[in-house]
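The values are calculated or read from the model by the stated rules, or taken from the named source; none is laboratory data. On a predicted model such as this, the values are computed, not experimentally measured, just so you know. Here the Cβ is made from the backbone with ideal geometry for all residues, glycine too, and neighbour counts use every protein chain on show. Just so you know, the surface numbers come from the protein's heavy atoms only, side chains and all, with ligands and any DNA or RNA stripped out. Shrake-Rupley method; radii C 1.70, N 1.55, O 1.52, S 1.80 Å.
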Amino acid sequence: MNSILAKVKPNELVGYGLILPYLIYSLIIWVYPLIWGVSIAFKRWNIISTEKTFVGLSNFVQVIHDPLFWIAFKNTLYFMVVYIPISIFLSLSVALLLNRINFLRSFFASGYLISYVSAGVAYSIVFNLMFSGNGIINTWLGGIGITIPWFSSPKIAMASIALIVVWKFLGYYSLIFLAGLQSIPKSIYESAEIDGAGKIIQFFRITIPLLNPSFTIIFIFAIMLSFNVFTEPYMITGGGPLDSTQTFVMQIYYHTFTNLHAGYGSSFAIIVAAISFAFVFFIRKIVEKDIA
Amino acid sequence: MGRYTLNRLNFRSYGKLLTYSLLSLGLVPMVFPYIWMVLASFKVPAEIFDRFIPTSLTLEHYRMIFLMGSTGSANPFIRALANSLLVSSVTTLSVVIFGAITGYALARLRFRGRSLLNNFILFQMLFPVVLFLIPRFLLVTKLGWINTYQGMIAPFMMSAWAIFLFRQFFRTIPQELIDAARIDGCSELRIIFQVMLPLSKSVTIIVAVFTFMSMWDEFLWYLIVTKDYNLMPLSVLLGLFTKGEYSSYPGIQTAGATLLTIPILIIFFSFRKFFTEGIALSGIKG
């Protein structure tokens, strides 16, 4: 101990003193839970009892054989397939429009961002009522002879949830795209114009490639979000109908806090984290390019 | 030539007109749910679902939220609103204070292990929350913090994201200002809070509003650690009542949703410039 202290120069002490609170906090609330979480994943443990038995990989094996794990996986993929393309298409469109104007730009930018601040519980309540069987949307659609069972059909309930999450993050992604668009030098377009490149060629040859950092970050956000969906299905569908909106986090919540099986919940969470890492890694390999 | 310019001008202004029309049109679905929510909270139950413009208004739903006792006890909604404000404000304050202190040390002080800590902070941001949910719950249980404010706040008090933003910004502040303050005998803490923070207003506000918003929106963690209606933040209380007692009272649900939405909208409108700047600047907070 003394020898360590002796090595610390006095002018370093200030730095160590200032980072100490964060260091201690991280150890307690980050490092320790991370290790603990991994260790209980190898145990059979009902939260309310004190008995913990080491069961090796058995929890992990059980998760892999759990039909609801695969249902949640399938639902998450379905969510992504709806959520990511629609989000990207709409937010890029909004960003391109915003990029064309100066007058009232910040008005429109914050207008589109207004959905971003709505609390999960609040907008779940609102959309649940608006999109219900006899809600305002179906009443209006009824005028042209259609009713859509948004949250009550197992086929489209997950897509409906994806759509309301699109609503929430549309402005957010638009502003990331807008920042990307504004970082593209005007001179590139000017020289393309001189070379006779039309607007469409400019869009696909200049705009899209140079927006690569924005695409990458939005893909990463969207994937991480897809693996974390909880509040909307919890509030609106409770995972139904017929488990069509069960998500990973709902399952982890159920196994740990309803079923009280912390070991199982933990191994479930570790597998989900690993899959989401793999997805992020994979999408970076595909999308991310060095544009400098 | 004259005609050509005129046509081109017309074409341009039509283009502009089209841009503004599309942007305005797109804004309708963004704002519509808010308008529908507020209207619904004043409608008589029969008109909530299929009428957009109400024929008569009622304060009944708000009366239920604010005044009526639920299951005999005092109504917990006002209390829940206060809980949300308390928990979100305390967390925001803590995130700003420790973010600034740690960010300053990482940006401006030399000590061995600094780059290691820097990498550790970036590394922390990669880990999904689900990994920590269960062990943190067990930790909070062990500490006896279930059903306490400490328990609700514990996982959010310091943020790697905030430290990262402060560090990035503090690096751009001229060294002479820090040296001058040191010559005047300022302690490092005074330098942080009386020199660095006032020079970093926008970053500070960005960290504060995004933290406040995410705490206001937080649901899962509060759901896990609070059992007592009197201690629940508004998001959880409203969520549980919507799924429980009030499940067939859409008017009360929308009144509750309006109550949950108004404070955060006030913050959004007061600081909207910082919301848009924060996203453009960092693109980091998810």
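Inclusion of A:Q202 among residues that are touching a helix residue (DSSP H, G or I) at 6+ places or on another chain (Cβ under 6 Å), open to solvent by 20 Å² or more (accessible area, probe 1.4 Å) and more than 14 Å from chain B (Cβ to nearest Cβ) is not warranted.
On the stretch given as segment A:5-25, residues that are open to solvent by less than 50 Å² (accessible area, probe 1.4 Å) and more than 7 Å from chain B (Cβ to nearest Cβ) total 2.
Residues checked against (1) touching a Pro at 6+ places or on another chain (Cβ under 7 Å); (2) outside any helix (DSSP H, G or I); (3) basic (K, R); (4) touching a residue at least 40 places away in the same chain (Cβ under 8 Å):
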position	(1), (2), (3), (4)
A:N138	no, no, no, no
A:W150	no, yes, no, no
A:S160	no, no, no, no
A:F169	no, no, no, yes
A:A179	no, no, no, no
A:I188	no, no, no, no
A:A192	no, no, no, no
A:Q202	no, no, no, no
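For first residues located in segment A:123-136 and free of Cβ contacts under 8 Å to residues at least 12 places away in the same chain and over 12 Å from B:Q253 (Cα atoms), partners that are among the hydroxyl-bearing types (S, T, Y) and in a helix (DSSP H, G or I) and lie 6+ apart or on another chain with Cβ distances below 7 Å do not occur. Does segment B:162-179 contain at least one residue that is part of a helix (DSSP H, G or I), within 25 Å of B:L81 (Cα to Cα) and in contact with a Gly (Cβ under 8 Å, 6 or more places away or on another chain)? Within segment B:162-179, not a single residue is part of a helix (DSSP H, G or I), within 25 Å of B:L81 (Cα to Cα) and in contact with a Gly (Cβ under 8 Å, 6 or more places away or on another chain).
Against the criterion of being surrounded by fewer than 19 Cβ atoms within 10 Å (Cβ to Cβ) and either farther than 30 Å from A:W140 by Cβ or touching a Gly at 6+ places or on another chain (Cβ under 7 Å) (or both), B:L81 does not qualify.
Only one of the numbered conditions (1) within 16 Å of the chain's Cα centre (by Cα); (2) among the polar types (S, T, N, Q); (3) crowded, with 17+ Cβ neighbours inside 10 Å is violated by B:S89, and that is (3).
Checking each residue of segment B:100-111 against the condition of being at pLDDT below 90 and either part of a helix (DSSP H, G or I) or within 14 Å of chain A (Cβ to nearest Cβ) (or both) gives no match. When segment B:50-64 is filtered for residues that are modelled with pLDDT of 85 or more and within 14 Å of chain A (Cβ to nearest Cβ), the ones remaining, listed by number, are B:F52, B:I53, B:P54, B:H61. Does A:R44 meet the test of being surrounded by fewer than 19 Cβ atoms within 10 Å (Cβ to Cβ), in contact with a Ser or Thr (Cβ under 7 Å, 6 or more places away or on another chain) and of a type outside the set (A, V, I, L, M, F, W, C)? It is true that A:R44 is surrounded by fewer than 19 Cβ atoms within 10 Å (Cβ to Cβ), in contact with a Ser or Thr (Cβ under 7 Å, 6 or more places away or on another chain) and of a type outside the set (A, V, I, L, M, F, W, C). Of all the criteria given as (1) surrounded by fewer than 23 Cβ atoms within 10 Å (Cβ to Cβ); (2) modelled with pLDDT of 95 or more, the one not satisfied by A:N138 is (2). Do we have any residue at all in segment B:121-133 that's within 24 Å of A:L129 (Cβ to Cβ) and more than 11 Å from chain A (Cβ to nearest Cβ)? The answer is no, given that none of the residues of segment B:121-133 is within 24 Å of A:L129 (Cβ to Cβ) and more than 11 Å from chain A (Cβ to nearest Cβ). All of (1) at pLDDT below 95; (2) touching a helix residue (DSSP H, G or I) at 6+ places or on another chain (Cβ under 8 Å) hold for B:S235 with one exception: (1).
Screening A:I161 against (1) within 14 Å of the chain's Cα centre (by Cα); (2) among the aliphatic types (A, V, I, L, M); (3) open to solvent by 10 Å² or more (accessible area, probe 1.4 Å) leaves a single unmet condition, (3). If you check A:P154, A:P185 for being farther than 30 Å from A:Q246 by Cα and assigned by TED's automatic domain parsing to the domain that holds A:Y78, only one passes: A:P185. The helices (runs of 4 or more DSSP H) found entirely in segment A:208-292 that carry 1 or more residues being open to solvent by 40 Å² or more (accessible area, probe 1.4 Å) and touching a Pro at 6+ places or on another chain (Cβ under 7 Å) are A:212-226.
Exactly one residue among B:I279, B:I224, B:I266, B:I206 is in a helix (DSSP H, G or I), of a type in the set (A, V, I, L, M, F, W, C) and more than 17 Å from the chain's Cα centre (by Cα), and that residue is B:I224. With the condition kept exactly as written, say whether any residue in segment B:233-243 is open to solvent by 40 Å² or more (accessible area, probe 1.4 Å), within 12 Å of chain A (Cβ to nearest Cβ) and either more than 23 Å from A:V117 (Cα to Cα) or in contact with a Ser or Thr (Cβ under 9 Å, 6 or more places away or on another chain) (or both). Looking through segment B:233-243, none of the residues is open to solvent by 40 Å² or more (accessible area, probe 1.4 Å), within 12 Å of chain A (Cβ to nearest Cβ) and either more than 23 Å from A:V117 (Cα to Cα) or in contact with a Ser or Thr (Cβ under 9 Å, 6 or more places away or on another chain) (or both).
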